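Q: To start, I am sharing the structure in question, which I have written as structure tokens.
The values are calculated or read from the model by the stated rules, or taken from the named source; none is laboratory data. All figures in this text were calculated on a predicted structure; none of them were measured in a lab. Quick note on the areas: whole protein, heavy atoms, side chains included, nothing else; ligands and nucleic acids left out. Shrake-Rupley method; radii C 1.70, N 1.55, O 1.52, S 1.80 Å.
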Amino acid sequence: MQTNSHIDEIHEMNLAYLLLAQRLINEDRATAKFRLKIDDEMADLLQELNARQLTRLSRVNQLLCHFGHDSAEQLRQLTHNPREQGLAQFHTSLLMASRPAASTAREQ
């Protein structure tokens, strides 16, 4: 029965992610697109979803959000960062920003 528990947690995480994405898009569209790594078309679609659609979408059995790094090396650079604490957050931001948005990744 642990599998059902995991599926329930995935559903909850999906709904939380979708609600957060909508809120970010409504508050600051440009920043949301950057942070979520989505294009205008995806931002429009997410913004237009109503509560029923969000709930239905969140019920898929796979995570809708994805890991923000394409390789273990990128994650290793963040977790094993020898820089002093003041620069670590800046370095992390640069690494995260270097990942292309969804539309750019699809075009390559």
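Q: Share of segment 1-61's accessible area from carbon and sulfur, percent, 1.4 Å?
A: Carbon and sulfur atoms account for 53 percent of the accessible area of segment 1-61.
Q: Tell me whether segment 30-81 comes out rounded, prolate or oblate; compute the Cα gyration tensor, take square roots of the eigenvalues as a ≥ b ≥ c, and use a/c under 1.5 as the rounded threshold.
A: On the way: a/c = 3.67, a/b = 1.78, b/c = 2.06.
It comes out oblate by the Cα gyration axes.
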